[in-house]
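As structure tokens, the structure follows; a few thoughts come after it.
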Amino acid sequence: MQEREELLVGSLVVLMLVVWLGFEVHVSPRFAGSAWGGALAVTGSLLMLVPAAYILVKRIKRIRNLLHPRISMRTLLAIHIYAGVIGPILVILHTGHKFESALGVALTSLTLIVVLSGFIGRYLLARINRALRHSDSLIRELERRYEETGDQLRESDPDSASRLLRDARRAFPGLLLRPSEPLGPEPSPIRRAVALSDAIADLEYSHRIQATVKRMFQAWLKTHIVLSCALYFLMALHVWASIHFGIRWFE
């Protein structure tokens, strides 16, 4: 289900970019002010306001508790995503590919940035979270096997085993030692402990990298919200300018 949603939303994002790049082959100076252009502008703008409603529901507990019995947050998130992509497509179509004014260029550019940042943050961060959960479970399983191997070593040679296991766990996070020969089908407890320490060190290093990337993308999502607020400000300014200078949708 998640992969299907990601594919569909990704296709819509690509469609948005294709529609935007249409200015290379098509420009209609009067379409934005026509009836059809106005209808696309109103519909697209209303859809682009839906993500703001989702943010309010997510952040305000009273509203969230009021809507929770009727609609789940997962459904609201899906509506947020699709409205946040389809709305910009309609708005870009409304422009007729006439990007001349500074306000129009800024509004279109910020729309593209907000959609792309939201898409990357939503789906790449989800992949990182899944990878972190998977590596956590693998590390726990390997540590369990490592402790079992340590118990076997302690039974055979308690003093040497304690020293070996302590030194291995200290050294391997910084120095990834691999056995010089491949393990056989039934390796000795010492070689098994070395191999497990190596594998745990690899996974712990990978886990730290993934956690760092996750923190970066969490900061990026905050930037996405700030950019969205700036986008709504420019939208309001654009609507005011359209009304101030006269709407000719029904001329």
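The values are calculated or read from the model by the stated rules, or taken from the named source; none is laboratory data. Nothing here was measured: the structure is a model prediction, and the numbers come from that model. We place every Cβ from the backbone using ideal geometry, glycine too, and count neighbours over all the protein chains shown.
Total residues in segment 33-47 satisfying the condition of being among the hydroxyl-bearing types (Ser, Thr, Tyr) and over 25 Å from SER228 (Cα atoms): the figure is 1.
Within segment 23-74, the set of residues being part of a helix (DSSP H, G or I) and of a type in the set (Gly, Ala, Ser) comprises ALA32, GLY33, ALA35, GLY37, GLY38, ALA39, ALA41, GLY44, SER45, ALA52, ALA53. Number of residues in segment 72-89 that are of a type outside the set (Gly, Ala, Ser) and free of Cβ contacts under 8 Å to residues at least 12 places away in the same chain: the value is 2. Being within 30 Å of the chain's Cα centre (by Cα), under 17 Å from THR108 (Cα atoms) and either basic (Lys, Arg) or in a helix (DSSP H, G or I) (or both) holds for only one residue in LEU8, LEU17, and it is LEU17. Could you tell me whether PRO29 is crowded, with 17+ Cβ neighbours inside 10 Å, touching a residue at least 60 places away in the same chain (Cβ under 8 Å) and either under 15 Å from GLY104 (Cβ atoms) or not acidic (Asp, Glu) (or both)? For PRO29, the condition - crowded, with 17+ Cβ neighbours inside 10 Å, touching a residue at least 60 places away in the same chain (Cβ under 8 Å) and either under 15 Å from GLY104 (Cβ atoms) or not acidic (Asp, Glu) (or both) - is not met.
On inspection, LEU46 does not qualify as without any contact (Cβ under 8 Å) to a residue 12 or more places away in the chain, under 23 Å from PHE119 (Cβ atoms) and out of contact with any Lys or Arg (no Cβ under 9 Å at 6 or more places or on another chain).
Residue pairs whose Cβ atoms lie under 6 Å apart, separated by 6 or more positions or on different chains, with the first residue in segment 91-120 and under 11 Å from LEU227 (Cβ atoms) and not assigned by TED's automatic domain parsing to the domain that holds GLY10 and the second surrounded by fewer than 20 Cβ atoms within 10 Å (Cβ to Cβ) and at pLDDT 85 or above, do not occur. Count of segment 122-134 residues, restricted to those that are in contact (Cβ under 8 Å) with a residue 40 or more places away in the chain and under 15 Å from LEU7 (Cα atoms), is 4.
All told, GLU3 meets the bar of being in a helix (DSSP H, G or I), modelled with pLDDT under 80 and loosely packed, with under 11 Cβ neighbours inside 10 Å.
For segment 32-44, taking the residues that are modelled with pLDDT of 85 or more and more than 12 Å from ILE86 (Cβ to Cβ), the one that is surrounded by the fewest Cβ atoms within 10 Å (Cβ to Cβ) is identified as ALA39.
When segment 50-84 is filtered for residues that are surrounded by 13 or more Cβ atoms within 10 Å (Cβ to Cβ) and under 17 Å from PHE233 (Cα atoms), the ones remaining, listed by number, are VAL50, PRO51, ALA52, ALA53, ILE55, GLY84. For the condition touching a helix residue (DSSP H, G or I) at 6+ places or on another chain (Cβ under 7 Å) and of a type in the set (S, T, N, Q), SER45 qualifies.
The residue list ALA241, ALA195 contains one member that is surrounded by fewer than 16 Cβ atoms within 10 Å (Cβ to Cβ) and modelled with pLDDT of 75 or more, which is ALA241.
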